[in-house]
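Taken together, the values in this text are just the output of simple stated rules run on the coordinates, not laboratory data. Since we're looking at a predicted model, the values are computed, not measured. Here Cβ is always computed from backbone atoms with ideal geometry, including for glycine, and neighbour counts include all displayed protein chains.
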Amino acid sequence: MRNLTFAVYLLLTMAFAIPGHAQERAGSRVVTLDRIVAVISDQVITRRDLAERMKTVLLQMGREGTPLPPQDALEKQVLERMIQTRVQLQFARDTGLRIDDATLDSAISRIATSNKLTVQELRGLLEKDGLTFSKYREDVRDEIALVRLREREVDNKIQISDSEIDNFLKTLQQQESRSEEFNLSHVLVRVPEQASPEQLQERRAKAERALGQIKNGVDFRQIAATVSDAPDAVQGGLMGWREFVQLPTIFADAVKGLKAGEVSTVLRSAAGFHILRVNDRRGRVEEAMVTQTRARHILIKTSELVSENDAKERIVKLLERVENKADFAEVARLQSEDASAARGGDLGWLSPGDTVPEFEKAMDALQPGQISGAVRSPFGWHIIQVTERRNQDMSQQQQRQRARQALREQKSEEAFLEWTRQLRDSVFVDIRLEEK
């Protein structure tokens, strides 16, 4: 699961605790009447829902120093983000994706720990700011569900062949920027699936107008917050640092000749029309020598049918057996729910970054021969044993591994945008924001 910091969760939830329909002013009460601003299948978003979310976004933009777009333009952007979130969460529920309380409790505990707080201290901080802990929990649950939904529907379906890696490396040798990293911002004007020529022309014109405003000195962040259909729109379109080799081909071709502060032309992809800004660029240090770990593990997965507590209880019982001198490889062959079970749980030689952070952190803390306690990762509960360590020149292997990861990142970004577009277009949506 991608790491979601407390700050992100806090921004997601602060507005929901502040009534968006009323406020006290010098003893008088001003009330905004509620009404429906969007219908998504059998769900609705009300003016009150939108007002609450707007407060969160305005607070976030203020903290990040993002220039504010016109109120009506920002409302449209925020409403579209809310629609996409509702559509994805409904799809998750309809397809059986559930986040149980034990998983949620573990996530909140990790958020508190990462901010050097106990859960009680986190709760007190939220309540001090007028936030309800129950609402905070549900927002965190939704965020976890969205991450797992992307993993299930997009990331886990991506396959990279050896021939793709060969072709990628051959092309990479011809790129002067291959060892650079780029800090990018992004505007996306989404194109509906099976768009008509008139729709295509209208969306391209919208992107060209946005580019013209940027070139005339309007802050890129303001334009992104006003017109972009990308998930990062209200963050001013900030994508952050990306390795050149991990960028989709059209992005890589566009930015390799740009200096810091320069903006691309309008780019066309399957998802729509894009504008990129290079905020900064830097060289990346290549390291050939790496410390590798050979490890084996036993995995008990969590799922819609196996709760967090059930999986943990099973792994703890297996840990007791291993600690009481049961053969690790035999227990793995019989009990592990990973593809490595047939090899006695052997994962082979692992380089930094080959496993998820939770697994790698626990593995790196072990000496050869040591066995971990119960370790939680996004895949479930593990018992890990380190068998060997070595320093290895990974020039060739590292190139191929990085190529595989870069191709995966490219495909994932493109596939996710296309998947969200198709999902959004498959659902009935009636936007009533303009109605009075």
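Roughly how many debye, to the nearest 20, is the charge dipole of the range 80-159 about its Cα centre, given +1 on each Lys and Arg Cβ, -1 on each Asp and Glu Cβ, and no other charges?
Value, rounded to 20: 80 debye.
Each Lys and Arg adds +1 at its Cβ and each Asp and Glu adds -1 at its Cβ; summed about the Cα centre, the range 188-234 shows a dipole of about 160 debye. With a simple spin-label model that places each label point 7 Å from the Cα along the Cα-to-Cβ direction, the separation between residue 241 and residue 135 comes to 3.6 nm. Along the axis of the charge dipole computed for the chain (Cβ charges of +1 for Lys and Arg, -1 for Asp and Glu, origin at the Cα centre), the listed residues 156, 85, 401 are led at the positive end by 85.
Using only alpha-carbon positions in the range 138-263, the gyration tensor eigenvalues give semi-axes of 26, 23, 17 Å once each is multiplied by 5 and square-rooted (largest first).
Label point 7 Å out from residue 213 along Cα-to-Cβ: which residues of the range 252-271 have amide N under 18 Å? Zone members listed by number: 263-267.
Farthest towards the positive end of the charge dipole of the chain, among the residues 104, 199, 334, is the Cα of 199, using unit charges on the Cβ of Lys, Arg, Asp and Glu. Is there a pair in 170/256; 135/312; 301/411 whose C-alpha atoms are over 20 Å apart, and which pairs would that be? Violating the 20 Å limit, Cα to Cα: 135/312; 301/411. Count Lys and Arg as plus one, Asp and Glu as minus one, and take only other residues whose Cβ is under 15 Å from that of residue 204; the net charge is then +1. Modelled spin labels at residue 425 and residue 253, positioned 7 Å past Cα toward Cβ, are 2.2 nm from each other.
With R₀ set to 56 Å, the beta-carbon distance separating residue 199 from residue 334 gives a calculated FRET efficiency near 0.45. Between helix 395-425 and the chain, what is the angle of the helix's C-alpha long axis to the longest principal axis, kept within 0 to 90° and rounded to the nearest 10? Tilt of helix 395-425: around 40 degrees. Panel order for 338, 166, by other beta carbons found within 10 Å of each beta carbon, from fewest to most: 166, 338.
Put a plus charge on the Cβ of each Lys and Arg, a minus charge on the Cβ of each Asp and Glu, and nothing anywhere else: the dipole of the range 309-377 about its Cα centre is then about 160 debye.
Placing a pseudo-label 7 Å from each Cα along the Cα-to-Cβ vector at residue 349 and residue 41 gives an inter-label distance of 4.9 nm. In the chain, the longest principal axis of the Cα atoms and the axis of helix 47-64 are about 70 degrees apart. Taking the longest Cα principal axis of the chain as reference, the axis of helix 162-172 is set at about 60 degrees.
Look at (i) 24.7; (ii) 34.1; (iii) 20.9: the one that is mean projected area of the Cα convex hull in nm² derived from this structure is (i).
From helices alone, the chain scores -15000 deg cm²/dmol at 222 nm; the rule is -39500 (n - 2.57) for each run of n ≥ 4 DSSP H residues, then divide by the residue total.
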